[in-house]
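I'd like to ask some things about the structure below.
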Amino acid sequence: FMMLTKQLIEVRNILKTVNQNCSALQLPSIVVIGSQSSGKSSVLEAIVGHEFLPKGNNMVTRRPIELTLVHTPNAEEEYGEFPEIGINNVTDFTQIQRTLSDLNMSVSESECISTDPIELKIYSPTVPDLTLIDLPGYIQVINRKQPPILKRKIVELCDRYIVEPNIILAISSADVDLANSEALTHSRKVDPYGKRTIGVITKMDLVDPEKGVDLLINNDYPLELGYVGMVCKPPGKSGFSRQLSLTQKSDQYFRSNPIFHQPDVQVGLTALKKRLTTILEENMGQNLYGIVDAVQNELEEVRYQYKVQYNDRHITAESYTADIMDTLKHQFKEFSNNFGKAEVREEIQNMLEEKIMEICKELYYDDPKVAAFPSLCLKDLVWKSKVDMSSAALTKSGIGRATTQLVVDIVLDELREIASKEPFTYHESTCDKIIDFSSKLLKKKFHTTVDQVENTIKPLKFEVECTDLEWERGKERAINLVDRHIQESQKKLQDIRSQVGRRKLRTAVKYLRHQNQKKINSHKPVTPTPTPKKEETKPSDETLIPEQLSTSLDNLEEEEEAQILKKEMTKPRQYNPILIEKAKEAMELRKEIAVLKGRAAALRSRQCSGSNGKSCCPEAFLSVISQKLANSAVMFIQIELLNEFMFQFPREVDNKLYYDLSREQVNQFACENPTIRRHIELQKRKDALELVMDKLVYLVRRQNELIRRKELN
Ligand code: GDP
């Protein structure tokens, strides 16, 4: 019949796992109070059957101990656990004692008392199902080292616990006048009629048996729940003899004297245990309906939230994780579908085109005589040979490595892009893992791919044949390329203009030109240089060197600027170094635009068609080569690198991000997403409350049956 307490303790533990510490669901506990040295620890240890509480003079109890006793009828072993700190299965009770001592001592002496309880569960076939709370003993005199507020703090702590519906176990020593009993004084404050206080008189061996019996059938301080007499240490002995069980030792004293055998007198450990379980059980019974109501309310609220917020959709950490992996694989699939041969070729070609521009800049555009190139390209041997140099520069620039790296970078960038969006933003370490194993997969294939590409392009390093059609296409691409670069440079120039201001920029440019001129003059002091005005007399575009070309481009508002410049020159002032930098940049850009415009015109002219094209239009020729390079490279990159990677990636996702994870890790992963964490938590709470409700319904039915049977008798 004693099962309500056990079941309700279980209920409480279930609710605790889902942080459901709602006060309405609080179950009654037995709170143990008494002054220091009243024998409180001895009584608790007698109940548990082991020494396990810290001993010492120096305030060893600084935190409440919430002691849950679990009766395990068929178990052979007794053990304790500290669920909050994750210490389980401690079979050595001195170890429990040590742990309790450490946990108590973690509260500093100046703080003296902490309200944060220590949770301890003890499983044993000899203990009843009980929840006991051990509190620091009341003190009368504080010692020198203890802070003066200690006394008050202990009272305050005990006051928090001796509230309803808890049962008070008030411990008083037989050899101290009960009028002075701290335990009774404090319990009377909250329970004046002793409806929920049970008195324990310890050290019965220290008074005459007659006086002892008088204390137990106490009429001066009556308690409805009565008194129980205890002896926890037989007289004359300094400690318990180890062979006898604690119960035997405790009860021996009373057995020997018939005065204790009266029906109204309750003595000994067996009686105490029985009294406590009965009282707790009755109390639980009285509280049962209230608890059911509270759980019912809570459950309804949680069900409502679950419906409103999550539409009753069930989710688990596993299903979420699997979903995420599917999303990842799906997004990757989409990417790989859109990143076929054509796209890879396009990317490689773009990269090679940038290379073409770099080569042309170095070999042609930066040459001061570039403006004369269209006329030099056929006559001048040096200029003629440049095209072979440039094609070698392109084919021998490490195309294998560069193209493979390019594709690797694109793939990794794409993965980073996927990782930067929801829901992956919550899972940073997972994203790191993705990049990590992808890099490794790609790296494994990197070198063979590079070698393969180099091998296939080898013929192009020696000779490039080119059909008319290829030439036309190459030319077209080259024109687009040059046009694009013109636009880019114009855009940059435009940006500088709007940053600095058109006028300011122009003045600074003029100033720079003036400075340059001065430098040139100082190098050639003998021959007087003609003024810029004179030089501007219509040079033909063909023979212009870039410097002059760009000068001719801005002769707007010439007069006005000349005025400003004059002023600036006569009263020299410090130019802002940033402005000077910008002006230099602008001059470079102008020069570049002029050259490129010349090249665009040349590429469109007759000069670029027919047999002369190659030497006179290196851009077109290099474009033809780049197309051939891209075509060859793409095949092997596709076969060696991408196909393999696209195939392996989803498998790695499954292995590394899902199957490799423990349950714990899957949970952790899912909870990284706050929405999912809340969802799972609410769901767990709902599940726990539903389970608890089932148990409670069963208990209520039983309880009702018991009551009906009692009424029938
Ligand atoms: P606490 O400070 O209230 O926890 O009290 P303890 O349980 O530590 O006991 C205080 C002292 O009283 C110890 O020296 C115990 O040995 C002694 N004591 C406890 N119970 C008895 C008893 O039944 N008879 C006698 N003679 N001494 C006892």
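With respect to K440, is the statement that it is out of contact with any helix residue (DSSP H, G or I) (no Cβ under 8 Å at 6 or more places or on another chain), assigned to a helix (DSSP H, G or I) and either more than 14 Å from T403 (Cβ to Cβ) or at pLDDT below 90 (or both) true?
On the way: out of contact with any helix residue (DSSP H, G or I) (no Cβ under 8 Å at 6 or more places or on another chain): yes; assigned to a helix (DSSP H, G or I): yes; either more than 14 Å from T403 (Cβ to Cβ) or at pLDDT below 90 (or both): yes.
Answer is yes for this residue.
With the structure loaded, tell me whether L276 is away from the ligand (no atom under 15 Å from the Cβ) and at pLDDT 90 or above or whether it fails that test. Write out each step before concluding.
Working: away from the ligand (no atom under 15 Å from the Cβ): yes; at pLDDT 90 or above: yes.
In short, yes.
Is it true that some residue in the stretch 44-58 is within 16 Å of the ligand (Cβ to nearest atom) and among the polar types (S, T, N, Q)?
Let us first name the residues in the stretch 44-58 that are within 16 Å of the ligand (Cβ to nearest atom), namely 44-58.
Imposing the further condition that a residue be among the polar types (S, T, N, Q) reduces the set to 57-58.
So far as the stretch 44-58 goes, yes, one or more of its residues are within 16 Å of the ligand (Cβ to nearest atom) and among the polar types (S, T, N, Q).
Another one. Identify the residue in the stretch 195-215 that is surrounded by fewer than 21 Cβ atoms within 10 Å (Cβ to Cβ) and away from the ligand (no atom under 12 Å from the Cβ) and, among all such residues, is farthest from N257 (Cα to Cα). Steps first, please.
Here is the first cut: in the stretch 195-215, the residues surrounded by fewer than 21 Cβ atoms within 10 Å (Cβ to Cβ) are 195, 205-211, 213-215.
Among the residues that remain, those that are also away from the ligand (no atom under 12 Å from the Cβ) are: 195, 208-211, 213-215.
Details: K195: 30, D208: 11, P209: 8, E210: 10, K211: 13, V213: 11, D214: 15, L215: 16 Å.
So the residue we want is K195.
Can L69 be described as within 25 Å of I154 (Cα to Cα), aliphatic (A, V, I, L, M) and away from the ligand (no atom under 16 Å from the Cβ)?
Working: within 25 Å of I154 (Cα to Cα): yes; aliphatic (A, V, I, L, M): yes; away from the ligand (no atom under 16 Å from the Cβ): yes.
Judged against the criteria, L69 is a match.
If you take the residues in the stretch 135-154 that are over 44 Å from the mean Cα position of the chain (by Cα) and of a type in the set (A, V, I, L, M), which one is nearest to S187 (Cα to Cα)?
Looking at the filtered set, the residue picked out is I139.
Also, quick follow-up: Restricting attention to the stretch 634-642, does a residue exist that is in contact with a Cys (Cβ under 6 Å, 6 or more places away or on another chain) and either modelled with pLDDT of 90 or more or within 30 Å of V11 (Cα to Cα) (or both)?
Filtering the stretch 634-642 for residues in contact with a Cys (Cβ under 6 Å, 6 or more places away or on another chain) gives none.
No, the conditions are met nowhere in the stretch 634-642.
Now a separate question. Among K433, K440, K504, which is out of contact with any Cys (no Cβ under 7 Å at 6 or more places or on another chain) and more than 30 Å from E640 (Cα to Cα)?
Values: K433 fails: more than 30 Å from E640 (Cα to Cα); K440 fails: more than 30 Å from E640 (Cα to Cα).
Every option except K504 fails the conditions.
Which one of V407, V450 is among the β-branched types (V, I, T), under 42 Å from the mean Cα position of the chain (by Cα), within 30 Å of Y658 (Cα to Cα) and part of a helix (DSSP H, G or I)? Let's see the steps before the verdict.
On the way: V450 fails: within 30 Å of Y658 (Cα to Cα).
Sole residue among the options that is among the β-branched types (V, I, T), under 42 Å from the mean Cα position of the chain (by Cα), within 30 Å of Y658 (Cα to Cα) and part of a helix (DSSP H, G or I): V407.
Which residue pairs have Cβ atoms closer than 7 Å, lie 6 or more positions apart in sequence or on different chains, and pair a first residue in the stretch 263-287 that is part of a loop (DSSP other than H, G, I, E, B) with a second residue that is surrounded by fewer than 16 Cβ atoms within 10 Å (Cβ to Cβ)?
D264/I217; V265/I217
Name the single residue that is farthest from F669 (Cα to Cα) among those in the stretch 306-347 being outside any helix (DSSP H, G or I) and not basic (K, R).
Step one: list which residues in the stretch 306-347 are outside any helix (DSSP H, G or I), which gives 311-316, 338-340.
Cutting the leftovers down to not basic (K, R) gives us 311-312, 314-316, 338-340.
Numbers: N311: 23, D312: 22, H314: 17, I315: 14, T316: 11, N338: 30, F339: 30, G340: 33 Å.
Among those that are outside any helix (DSSP H, G or I) and not basic (K, R), it is G340.
If you don't mind, there's one more thing I want to ask. Here are the criteria: (1) surrounded by fewer than 16 Cβ atoms within 10 Å (Cβ to Cβ); (2) under 60 Å from the mean Cα position of the chain (by Cα); (3) within 15 Å of the ligand (Cβ to nearest atom). Tell me which single one P222 does not satisfy.
Here P222 clears every test but (3).
The values are calculated or read from the model by the stated rules, or taken from the named source; none is laboratory data. This one's a predicted model, so the numbers in the text were calculated from it and none came from an experiment. Heads up, the Cβs are rebuilt from the backbone with ideal geometry, glycines too, and the neighbour counts pull from every protein chain shown.
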